[in-house]
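Colleague: Take a look at the following structure, please.
Derivation of every value follows stated rules applied to the coordinates shown; laboratory data play no part. What you are looking at is a predicted structure, and each value in this text was computed from that prediction instead of being measured. Cβ: placed from backbone, ideal geometry, glycine included. Neighbour counts: every protein chain shown.
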Amino acid sequence: MRMALARIGVSAMKEAAKGEGAVMTHMDFETLVTLLARIFRSNGVSGVAADILARNCAGAERDGAMSHGLFRMAGYVSTLRSGWVDGRAAPVVEDVGASFLRVDAANGFAQPALAAATPLALEKARATGACVVAIRRSHHFAALWPDVEAFAQAGLVAIAMVDSMAVVVPPGAHRPVYGTNPLAFAAPRENGRVIVFDQAVSVMAHGDVQIAAREGHDLPPGTGVDAMGQPTTDPRAILDGGALLPFGGHKGAAIAMMIEIMAAALTGGLYSHEVDWSAHPGAQTPCTGECLILIDPARGGSAAAFVARVEQLIAALHDAGQSRMPGDRRFATRQKAEQDGIPVSADMRERLEALMGPE
């Protein structure tokens, strides 16, 4: 049964004019999660997975990461309907060492697989000082910082790496081999705060290129090449047979190679260039692997000493003139959204409503 957006959490929503007469709906976080989870469930995702994915997507929108927020919902639904991903997959956690877990996501999404491994991963990290979580046969289509932020809030240092699909061309190569291959890092700070960042090895995230193409914006020079290997600022040319460039040239490409090895060779997942969804028209989520590394900083002396040293570095950066730390803008946007609600345009509400499948 389709549920009109107007019927969802009306008391938690308020209409406001924003921009050039655009009508924005401000939704609280849980209301948006409820809506997105219903969309996921109506398109064949299990209840547990639907809630996990909905919170991830709503969190990205709340924090101002539009390229990984509601913009991604159409791609999720298209992929589910194509049969490329199993929305009801049951991940299998394999205890293979004192500090090592393998997870078979069973052709499902990466976040439910990570959630299934988290209790044992935390236990191992506390017991041995570290834990590697190697996830394979997993679809990751979201922001990566949520995968690490919660661990930093629990007092651990966390590093996550994901390969994707071949859209990044190495320097000197004539076709893309690497994915955008995001790398996320998080560490605890004093007073319950964390330092967290999430960055792709490409000059620009693939989702941002898609948004630019949809909105008709040119990209900065040096972002990518067209199908002939020529530099271009046209996002459509990059998406239509072209490729993104790695940041920093050979240095970014080397990091991309490391992530391919850690997220595919180590986990047993596919390399970016091995992803082939040609038999599933409409598929958009790459089925590859994810590597997560957890470290207990208390093993380096004490947890208190670690966070104190982190604060010393941050103080030095402030003294040097760096006013904003990684993650600060995201946290400020989150705080505003918690006070005022998450702004969602009328156009996006209509797009979301159209994604609702039969229940």
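Colleague: Keeping to the stretch 212-234, report how many residues are surrounded by 13 or more Cβ atoms within 10 Å (Cβ to Cβ) and either among the basic types (K, R) or within 22 Å of D163 (Cβ to Cβ) (or both).
Modeller: Matching residues across the stretch 212-234 total 3.
Colleague: With the requirement that a residue be more than 20 Å from L266 (Cα to Cα), surrounded by 18 or more Cβ atoms within 10 Å (Cβ to Cβ) and touching a residue at least 60 places away in the same chain (Cβ under 8 Å), what does the stretch 82-111 give you?
Modeller: Scanning the stretch 82-111 gives W84, V85.
Colleague: Can you list residue pairs whose Cβ atoms sit under 8 Å apart, with the first residue in the stretch 207-220 being under 19 Å from T180 (Cα atoms) and the second being of a type in the set (F, W, Y)? Count only pairs 6 or more apart in sequence or on different chains.
Modeller: That search, which allows pairs on different chains as well, returns G207/F71; Q210/F71; I211/F71.
Colleague: If you go through the stretch 47-81 one residue at a time, how many are crowded, with 20+ Cβ neighbours inside 10 Å and among the hydroxyl-bearing types (S, T, Y)?
Modeller: Total satisfying the criteria: 2.
Colleague: Could you tell me whether the stretch 337-345 includes any residue that is on the phi > 0 side of the Ramachandran plot, in contact (Cβ under 8 Å) with a residue 60 or more places away in the chain and surrounded by 11 or more Cβ atoms within 10 Å (Cβ to Cβ)? Give the steps one after another, and end with the answer.
Modeller: Going residue by residue through the stretch 337-345, those that are on the phi > 0 side of the Ramachandran plot are 341.
Now drop any that are not in contact (Cβ under 8 Å) with a residue 60 or more places away in the chain, which leaves 341.
Still in the list and also surrounded by 11 or more Cβ atoms within 10 Å (Cβ to Cβ): 341.
The answer is yes; a qualifying residue exists.
Colleague: Same structure, new question: Tally time: how many residues in the stretch 244-274 are β-branched (V, I, T) and either farther than 23 Å from V93 by Cα or surrounded by fewer than 16 Cβ atoms within 10 Å (Cβ to Cβ) (or both)?
Modeller: The first filter runs over the stretch 244-274 and keeps only residues β-branched (V, I, T), leaving 255, 259, 261, 267.
Then drop every residue that is not either farther than 23 Å from V93 by Cα or surrounded by fewer than 16 Cβ atoms within 10 Å (Cβ to Cβ) (or both), which leaves 255, 261.
Here the count works out to 2.
Colleague: Pairs only if they're at least six apart or on different chains, beta carbon under 6 angstrom, first in the stretch 173-200 and assigned to a strand (DSSP E or B), second among the basic types (K, R); list them, first residue then second.
Modeller: Correct list of pairs: I195/R189.
Colleague: Return the residue satisfying two criteria in turn: it lies in the stretch 311-330 and is in contact (Cβ under 8 Å) with a residue 40 or more places away in the chain and on the phi < 0 side of the Ramachandran plot, and of such residues it is surrounded by the most Cβ atoms within 10 Å (Cβ to Cβ).
Modeller: Among them, the one singled out is R330.
Colleague: Within the stretch 125-136, does at least one residue satisfy the condition of being within 18 Å of the chain's Cα centre (by Cα), under 14 Å from I293 (Cβ atoms) and surrounded by fewer than 20 Cβ atoms within 10 Å (Cβ to Cβ)?
Modeller: No, the conditions are met nowhere in the stretch 125-136.
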